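Below: one structure, written as structure tokens.
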Amino acid sequence: MNMIDLTVNGRKLYATAEPRTHLADFLRESHNLTGTHIGCEHGVCGACTILVDGVPARSCITLAVACQHAEITTVEGLDEDEIAVELRAAFSREHALQCGYCTPGMMMSARDVVLRMEAPSEHDIRVAMSGNLCRCTGYVGIVRAVQSVVEARRARGIGAVAGGNRQVLGPAGSGHAGPISSGGPVRPAIAASASGASPRAANPAAGFEAAWIPQTTFTRSFVVDHSVDMVWDFFGRTSEVASCLPGATLAGEPVDGHVEGHMNVKVGPISAEFQGVADIARDDETRTGTITGSGKDRRSNSATRGLVAYVVKQSERPGQTRVDVTIGYTLTGMLAQFGRLGLVEDVANRLVAAFAQNLEARLAGGTGGGGHVSELNAGSLVGAVVMSRIKTVLARLFGRRK
């Protein structure tokens, strides 16, 4: 899995995708943009045509990771587009659609014709639109619709844009390609600390990527009976840190700050396995670090994205270390129904306590918590939280009667 950074219909997306995933599948299956239709899957029929940096492209033969930092526009993103509004009216007026399967791709290509061709003839339009196939209309209505929009716009003094905003030679999106192929994903910017540390330093309160605002953010702290140097050194051993967190398993050691893994979560009858990737940044001078990542469970179609920023510092008592942790996350899909803030914070308190206990045991030379827990049973944690709250309420009620 790779992290990719895209702008889709004007909205920033920071998501995961396998290197072989086509852009059409990425848009349809991961982001529910099903207006992009898939036909031949060979780049011939044009049904999957979208705009990449304003240029029509076949999304069924374009890899999602090849569009790193590109701006993607699907048919859903043309609701307020001036040319698309005129084309929709013309398509309806000229009976330029029947079953409608090819229409989203037709709209993308037709928009490009209107944008860049000053005064195309019927033959010019047919040639320009020849990459979009239709089994229903015979193309006559489509050609008339496109030609009528061109003529109407030119009559209003709106000229063509030379080249249709084409600025980069090569495949669409190629001008933005990042270091995906080397295995290193694009990393979100980490804010420098107030002390002037290097850009990789993390400030727990301000370390979130500016383009992404988590749905929920909270801060927790815990203390362990070991020195700051010992705790900081342990936090640098990623696999050992992961072993202290119930349900977390790494696929291997980090490579250039990038690691893949999964987390097993059970909520009642729902068992989810979040496959994901994470980037790790540490600053030895300030003893701060961040972990940014995202993951998805295919069975429940749930996805999460989060950032953990931490500071390791001397506690008030000699020989003890305090760890301040700021957690921000966004959860979507079926499991989001369990994301009420109060329950999440209570569950987080228990998870942090379990992590601190396992960390303490590890630092003392043990295995921590009786061994690694392969699955996070959030359901049992929620149940424990609810029972705790019920006991508190009952205690208050009976306490008042005395």
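The values are calculated or read from the model by the stated rules, or taken from the named source; none is laboratory data. None of these values were measured; they are calculated from a predicted model. Note: ideal-geometry Cβ built from the backbone for every residue, glycine included; neighbour counts use all protein chains shown.
Yes/no matrix, rows are residues, columns are (1) among the hydrophobic types (A, V, I, L, M, F, W, C); (2) within 22 Å of the chain's Cα centre (by Cα); (3) crowded, with 17+ Cβ neighbours inside 10 Å; (4) within 18 Å of A15 (Cβ to Cβ):
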site: C40; (1), (2), (3), (4): yes, no, no, no
site: E71; (1), (2), (3), (4): no, yes, yes, yes
site: A84; (1), (2), (3), (4): yes, no, yes, no
site: G100; (1), (2), (3), (4): no, no, no, no
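Given the condition surrounded by 14 or more Cβ atoms within 10 Å (Cβ to Cβ), among the hydroxyl-bearing types (S, T, Y) and at pLDDT 80 or above, answer yes or no: does some residue in the range 325-334 qualify? Reasoning before the result, please.
Residues of the range 325-334 surrounded by 14 or more Cβ atoms within 10 Å (Cβ to Cβ): 325-334.
Now drop any that are not among the hydroxyl-bearing types (S, T, Y), which leaves 326, 329-330, 332.
With at pLDDT 80 or above added as a condition, the list becomes 326.
Yes, because at least one residue in the range 325-334 is surrounded by 14 or more Cβ atoms within 10 Å (Cβ to Cβ), among the hydroxyl-bearing types (S, T, Y) and at pLDDT 80 or above.
So, in the range 242-260, of the ones that are touching a strand residue (DSSP E or B) at 6+ places or on another chain (Cβ under 9 Å), under 30 Å from P318 (Cα atoms) and touching a residue at least 40 places away in the same chain (Cβ under 8 Å), which residue ends up surrounded by the fewest Cβ atoms within 10 Å (Cβ to Cβ)? Within the range 242-260, the match that is surrounded by the fewest Cβ atoms within 10 Å (Cβ to Cβ) is L245.
Pairs linking a residue in the range 213-241 that is at pLDDT 90 or above to a residue that is assigned to a loop (DSSP other than H, G, I, E, B) and among the hydroxyl-bearing types (S, T, Y), with Cβ atoms under 6 Å and 6 or more positions apart or on different chains, are V223/S315. Screening the candidates L27, L6, L13, L51 for the property of being touching a Ser or Thr at 6+ places or on another chain (Cβ under 6 Å) and either surrounded by fewer than 17 Cβ atoms within 10 Å (Cβ to Cβ) or closer than 25 Å to G293 by Cβ (or both) yields one hit, L27. The number of residues in the range 335-365 that are modelled with pLDDT of 80 or more and under 14 Å from H226 (Cβ atoms) comes to 9.
Restricting to the range 225-241, count the residues that are under 31 Å from the mean Cα position of the chain (by Cα) and either of a type in the set (D, E) or surrounded by fewer than 17 Cβ atoms within 10 Å (Cβ to Cβ) (or both). Reasoning before the result, please.
Of all residues in the range 225-241, those under 31 Å from the mean Cα position of the chain (by Cα) come to 232-241.
Retained after the next criterion (residues that are either of a type in the set (D, E) or surrounded by fewer than 17 Cβ atoms within 10 Å (Cβ to Cβ) (or both)): 233, 236-237, 239-240.
The number of residues fulfilling the criteria is 5.
Tell me whether the range 124-133 contains one or more residues that are within 32 Å of the chain's Cα centre (by Cα), in a helix (DSSP H, G or I) and crowded, with 19+ Cβ neighbours inside 10 Å. Checked against the condition, which is being within 32 Å of the chain's Cα centre (by Cα), in a helix (DSSP H, G or I) and crowded, with 19+ Cβ neighbours inside 10 Å, the range 124-133 yields no hits at all. Here V113 passes the criteria (1) within 20 Å of V150 (Cβ to Cβ); (2) surrounded by fewer than 21 Cβ atoms within 10 Å (Cβ to Cβ) except the one numbered (2). Given the condition outside the structural domain of H42 (by TED's automatic domain parsing), over 22 Å from A57 (Cα atoms), buried (at least 20 other Cβ atoms within 10 Å of the Cβ) and at pLDDT below 95, answer yes or no: does some residue in the range 171-185 qualify? Looking through the range 171-185, at least one residue is outside the structural domain of H42 (by TED's automatic domain parsing), over 22 Å from A57 (Cα atoms), buried (at least 20 other Cβ atoms within 10 Å of the Cβ) and at pLDDT below 95.
Among the numbered conditions (1) within 30 Å of T21 (Cα to Cα); (2) buried (at least 22 other Cβ atoms within 10 Å of the Cβ), the only one that V146 does not meet is (1).
Please indicate, with yes or no, whether at least one residue in the range 242-263 is touching a Lys or Arg at 6+ places or on another chain (Cβ under 9 Å), within 20 Å of A364 (Cβ to Cβ) and not in a helix (DSSP H, G or I).
Yes - at least one qualifying residue is present in the range 242-263.
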